[in-house]
Amino acid sequence: MSNISEILNQSSFSRSDLGQLLRCEGEDMLCLFEQGRRIKEIYTGNKVYFRGLIEFSNICVKDCFYCGIRRSNRSVQRYNLTDHEILEAARFADECKFGSIVLQSGENNSVAFADRITSLIRQIKEQSNGRLGITLSVGEQSEPVYRQWFEAGAHRYLLRIETTNQTLFHKIHPQNQLHDFNRRLDCLHALRAIGYQTGTGVMIGLPFQTMDDLAQDLLFFEQFGIDMVGMGPYLEHSKTPLYKFRNELLPIQKRFELALKMIATLRILMKDINIAAATALQAIDPMGREKGIKVGANIIMPNITPGLYRNDYLLYENKPCVDEEPAQCKGCLDARIAMADGEIGYGEWGDSLHFKARTTK
Ligand code: 5AD
Ligand code: FES
């Protein structure tokens with residue numbers, strides 16, 4: 001038996017075990033993928049849940065060195081969907097029986113923004129008769145604002161920690177109060193204390209990132225007891241400061257493979273959480289998200305942003321589906337999930353089982 005098979009049969013995993021899983025190649029890697037698939041089937045079944053993703057504004061106060069819509073990128077055409085456009089996108093998700101939506105945007109810390117989100121949450125709940133689950137992904141906010149949105153009806157929140165290596169975190173962000181590792185961590189703790197199903201994630205294959213960093217990221221998810229994870233490969237964007245390190249990166253296929261290994265390893269480590277197959281996977285491989293589903297992910301976030309705006313929400317270049325309209329995505333997704341041996345949980349919220357377990361103890 002290879003060392004990898006031995007590790008796969010353990011019930012707990014050290015940082016060094018996780019590092020070995022992330023480094024494995026060839027046959028060993030296939031064993032890891034198979035184990036990810038098996039654990040997923042046992043613990044969460046073969047259902048895949050959809051979250052209709054509405055990227056409602058690319059206006060952002062942040063200046064992260066990796067992100068295409070960072071504040072300093074003057075070549076981006078900034079947009080802000082109207083309330084009507086957002087409500088129509090939510091109606092479309094409801095009609096498609098997506099179960100949930102994700103409202104995502106660049107970061108904005110104004111009172112007007114907070115109140116607008118509160119009002120949108122209420123309207124979406126009302127127009128869908130409470131059917132649609134609402135996930136927010138609008139960055140770092142104060143505890144009262146998080147609470148205000150939770151009370152209005154949002155019940156999940158995504159805030160990626162990006163990397164848990166603080167030295168690396170500071171290399172990929174400007175050094176100022178707006179980009180502070182501990183503040184981000186405090187936000188995650190606040191979200192959980194309020195009662196949100198809390199999601200985080202990291203980018204995989206960042207310049208200067210090591211396998212050991214990624215192993216530590218996985219342990220962080222476990223120690224925090226996170227409910228949901230969305231993580232995908234880092235993709236360079238020519239209009240960002242990190243672009244100058246493009247020659248230091250893992251080759252793109254290796255980054256893709258590593259992202260799949262992260263998904264499979266996380267599924268083995270945290271058996272009952274929700275794991276999203278990130279869109280960034282599909283930017284590398286047309287079947288990327290389906291491959292993510294096959295090795296352990298159980299969530300897909302179809303983009304339902306009106307087509308007109310999709311080309312302006314380019315966190316990275318070569319983003320897939322930017323020329324599609326939401327209705328075109330629906331038929332495409334049914335076929336794709338069937339190919340990945342999955343079944344779509346239509347009309348279901350598909351809440352994190354991990355969240356249910358920790359809140360009903
Ligand atoms: N490559 C991959 N992911 C990126 N994100 C931002 N920029 C990039 C990039 N260049 C991710 C970050 C952020 C999420 C919304 O998008 O992890 O949290
Ligand atoms: Fe920070 Fe876009 S500016 S992720």
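Computed values, structure above
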| read-out | value |
| --- | --- |
| Lone unmet requirement of (1) under 24 Å from Gly130 (Cα atoms); (2) within 16 Å of ligand 1 (Cβ to nearest atom); (3) at pLDDT 95 or above for Ile69 | (1) |
| Subset of region 55-79 (residues that are surrounded by 17 or more Cβ atoms within 10 Å (Cβ to Cβ) and over 13 Å from Asn311 (Cα atoms)) | Cys60, Lys62, Asp63, Cys64, Phe65, Tyr66, Cys67, Arg70, Arg71, Asn73 |
| Only listed residue being of a type in the set (Lys, Arg), assigned to a loop (DSSP other than H, G, I, E, B) and surrounded by fewer than 24 Cβ atoms within 10 Å (Cβ to Cβ), chosen from Lys271, Lys254, Lys291 | Lys271 |
| Test result for Glu27, in a helix (DSSP H, G or I) and either surrounded by 18 or more Cβ atoms within 10 Å (Cβ to Cβ) or not basic (Lys, Arg) (or both) | yes |
| Region 177-207, residues that are under 19 Å from Ile299 (Cβ atoms), within 16 Å of ligand 2 (Cβ to nearest atom) and part of a helix (DSSP H, G or I) | Leu188 |
| Residues (within 27 Å of the chain's Cα centre (by Cα), of a type in the set (Asp, Glu) and over 16 Å from Lys271 (Cβ atoms)) located in region 1-33 | Glu25, Asp28 |
| Region 208-232 residues that are within 20 Å of Gln197 (Cα to Cα) and within 16 Å of ligand 2 (Cβ to nearest atom), paired with ones that are among the basic types (Lys, Arg) and not in a helix (DSSP H, G or I) (beta carbon under 9 Å, 6 or more apart) | Gly230/Arg160; Met231/Arg160 |
| Helices (runs of 4 or more DSSP H) wholly inside region 59-165 containing at least 1 residues that are within 16 Å of ligand 2 (Cβ to nearest atom) | 111-127 |
| Close pairs from region 47-75: first under 17 Å from Asn108 (Cα atoms) and small (Gly, Ala, Ser), partner away from ligand 1 (no atom under 13 Å from the Cβ) and assigned to a loop (DSSP other than H, G, I, E, B), Cβ under 9 Å, at least 6 apart | Ser57/Arg78; Ser57/Tyr79; Ser57/Leu81; Ser57/Asn108 |
| Failed criterion for Gln10 (all others in (1) farther than 22 Å from Ala280 by Cα; (2) not in a loop (DSSP other than H, G, I, E, B) hold) | (2) |
| Residues that are in contact with a Gly (Cβ under 7 Å, 6 or more places away or on another chain) and within 15 Å of ligand 1 (Cβ to nearest atom), drawn from region 227-255 | Met228, Val229, Gly230, Met231, Pro233, Tyr234, His237, Lys239, Thr240, Leu249, Leu250, Arg255 |
| Subset tally (residues that are in contact (Cβ under 8 Å) with a residue 12 or more places away in the chain and either on the phi > 0 side of the Ramachandran plot or not in a loop (DSSP other than H, G, I, E, B) (or both)) for region 233-245 | 4 |
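The values are calculated or read from the model by the stated rules, or taken from the named source; none is laboratory data. Keep in mind the model is a prediction, meaning the values are calculated, not measured. Counting neighbours? That spans all protein chains shown, and the Cβs are built from the backbone with ideal geometry, glycine included.
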